[in-house]
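Novice: If you scroll down you'll find the structure; I have some questions about it.
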Amino acid sequence: MLNLKTISAALVAGAAFASAQCTIPTEPLSDDIPSHFRIQVQNASRLDVHNKYMNLFEAGGGDQHLFIGPVGEPTYDFTLVDGVVFNVRKNIRLVIGGEWSEIDHTTKLFSTARPDPDAIFQPTYACNPDTGLLQVELRFIQWEGEPLGGHICVRHSFDGSHEFRYSPPGNTLIDVNRECIKVTLVVLPTLDGPSTTFSTVTVSSTSSSSIAPPATSSTSTSTTTSTAPTSTSTSGVLPYTDMTSLGWRYIGCAPEERWTTDGPFRTLSGALLGSDTMTNEACMAFCGANGWAYAGTEWRRECWCGNSYAPTRQPLTTLASLNKCDYRCSGNSAQFCGGDAWLSLYAKCPPTGPCVNAVFT
């Protein structure tokens, strides 16, 4: 078992030996680190990610996505149990699964309390590439249930951030528009790190740009209106929620960056609301109250807002195009809230004009 005192002593000892390259202790490290630590990201050849930190980002349903800045909140209370990284305050752990990319064959690394397959690591002594001092790295071993090997990488996401991914062993595929940069995860012991507070709203901006800069907001989940929009299956009625009674018209099922080649940005990037009680009326209420012209739901529990979107993200108006937005809303299973990187996209109707949904044939 490796505790904070052991890590600190080893690092101090390593500093005494430091020169061009540190001296690596011969004794192996335990796969348990009960003392709290931060996770630093290193890749000395990529200064855009080097020496940054793993942040947690509220995703709804108890899940936390993993980013390096400026998105997310710092966390100082990771531990390692049998090679699995836990966040003790949230009682969640690092897992792999979901949002697999056909382009580069990477898969999402995130944190949850659900029984998804674990990401398994082994603490290992190494030399810091900048200082030559001894450090403890979390060497990636495997995605539980999958072949040994592979590595952790980060790729550009929204608002200047990078998201964490898993790349399988032997993978040579590269997304030329959105490279996944291989990184090393480093243990940084913490004593009394600041407490981490998560708000429901994690990104907010008044910009109409396609990629808007983030700002922290404390707005809570919007309450639903008394009017109850409905959506049903394709057996007579199209699979989307009719929001025209609330002043929003449905445009269609819009692709996110993973399904396009026009660049690494979100279709709507002005503001984000994540909630495990997400409904379409809650999303429209949130975006409307903050003055956004467009709103969209995605991945059951995400609500995105913006004032514009790229023409390349314009949804198709075929019946088949609606099939990608078939995820049921986390707050109302009778409604549809986008899909896996597909956005159920709505536009605010003009106050005096018609409010009519797109026609799908």
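Novice: Given the structure, is MET284 more than 21 Å from TRP100 (Cα to Cα), assigned to a loop (DSSP other than H, G, I, E, B) and open to solvent by less than 30 Å² (accessible area, probe 1.4 Å)?
Specialist: no
Novice: When the range 75-104 is examined, which residues are found to be surrounded by fewer than 18 Cβ atoms within 10 Å (Cβ to Cβ), within 17 Å of ARG178 (Cβ to Cβ) and not hydrophobic (A, V, I, L, M, F, W, C)?
Specialist: GLU99, GLU102
Novice: Filter the range 112-170 for residues that are of a type in the set (Lys, Arg) and open to solvent by 10 Å² or more (accessible area, probe 1.4 Å); which is nearest to GLY72 (Cα to Cα)? Before you say what the answer is, go through the steps one by one.
Specialist: First, pick out the residues of the range 112-170 that are of a type in the set (Lys, Arg): 114, 139, 155, 165.
Among the residues that remain, those that are also open to solvent by 10 Å² or more (accessible area, probe 1.4 Å) are: 114, 139.
On the way: ARG114: 21, ARG139: 24 Å.
Ranking the candidates gives ARG114 first.
Novice: Same structure, new question: Kindly indicate the residue of the range 88-144 that is of a type in the set (Asp, Glu) and outside any strand (DSSP E or B) and also modelled with the highest pLDDT among those meeting that condition.
Specialist: Top of the filtered list is GLU144.
Novice: If you check SER321 against the conditions, is it open to solvent by less than 10 Å² (accessible area, probe 1.4 Å) and within 23 Å of THR260 (Cα to Cα)? Quick ask: steps written out before the conclusion?
Specialist: On the way: open to solvent by less than 10 Å² (accessible area, probe 1.4 Å): no; within 23 Å of THR260 (Cα to Cα): yes.
No: the conditions fail for SER321.
Novice: Under 7 Å between Cβ atoms, which residue pairs at least 6 apart in sequence (or on different chains) link something in the range 338-361 that is among the basic types (Lys, Arg) with a partner that is assigned to a loop (DSSP other than H, G, I, E, B) and open to solvent by 10 Å² or more (accessible area, probe 1.4 Å)?
Specialist: Every condition considered, the pairs that remain are LYS348/GLY247; LYS348/ALA293.
Novice: All but one of (1) farther than 15 Å from GLU256 by Cβ; (2) at pLDDT 90 or above; (3) under 23 Å from the mean Cα position of the chain (by Cα) hold for LYS348; which doesn't?
Specialist: So the condition that LYS348 fails would be (3).
Novice: So PRO315 fits all but one of (1) closer than 23 Å to PHE57 by Cα; (2) in contact with a helix residue (DSSP H, G or I) (Cβ under 9 Å, 6 or more places away or on another chain); what number is the exception?
Specialist: Looking at each condition in turn, PRO315 falls short on (1).
Novice: What is the number of the single condition among (1) open to solvent by 80 Å² or more (accessible area, probe 1.4 Å); (2) modelled with pLDDT of 75 or more; (3) not small (Gly, Ala, Ser) that THR206 does not meet?
Specialist: Here THR206 clears every test but (2).
Novice: Pairs please, first residue from the range 267-280 and within 25 Å of PRO311 (Cβ to Cβ), second anywhere and charged (D, E, K, R), Cβ atoms under 7 Å, 6+ apart in sequence or on different chains.
Specialist: THR267/GLU256; THR267/ARG313; SER269/ASP159; LEU272/GLU302
Residues are listed down the side, and each one gets a yes or a no for (1) surrounded by 24 or more Cβ atoms within 10 Å (Cβ to Cβ); (2) at pLDDT below 90; (3) within 18 Å of the chain's Cα centre (by Cα):
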| site | (1), (2), (3) |
| --- | --- |
| TRP259 | no, yes, yes |
| THR267 | yes, no, yes |
| THR279 | yes, no, no |
| TYR309 | yes, no, no |
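Novice: Could you run through the range 332-358 and say how many residues are open to solvent by less than 40 Å² (accessible area, probe 1.4 Å) and not hydrophobic (A, V, I, L, M, F, W, C)?
Specialist: 8
Novice: Further question: What number of residues within the range 108-165 are at positive phi, touching a residue at least 60 places away in the same chain (Cβ under 8 Å) and of a type outside the set (D, E, K, R)?
Specialist: Looking only at that region, the number is 2.
The values are calculated or read from the model by the stated rules, or taken from the named source; none is laboratory data. It should be emphasised that the depicted structure is a prediction, and the values quoted were computed from it without experimental measurement. Heads up, the Cβs are rebuilt from the backbone with ideal geometry, glycines too, and the neighbour counts pull from every protein chain shown. These accessible areas exclude ligands, DNA and RNA; they are computed on the full protein's heavy atoms, side chains included. Shrake-Rupley method; radii C 1.70, N 1.55, O 1.52, S 1.80 Å.
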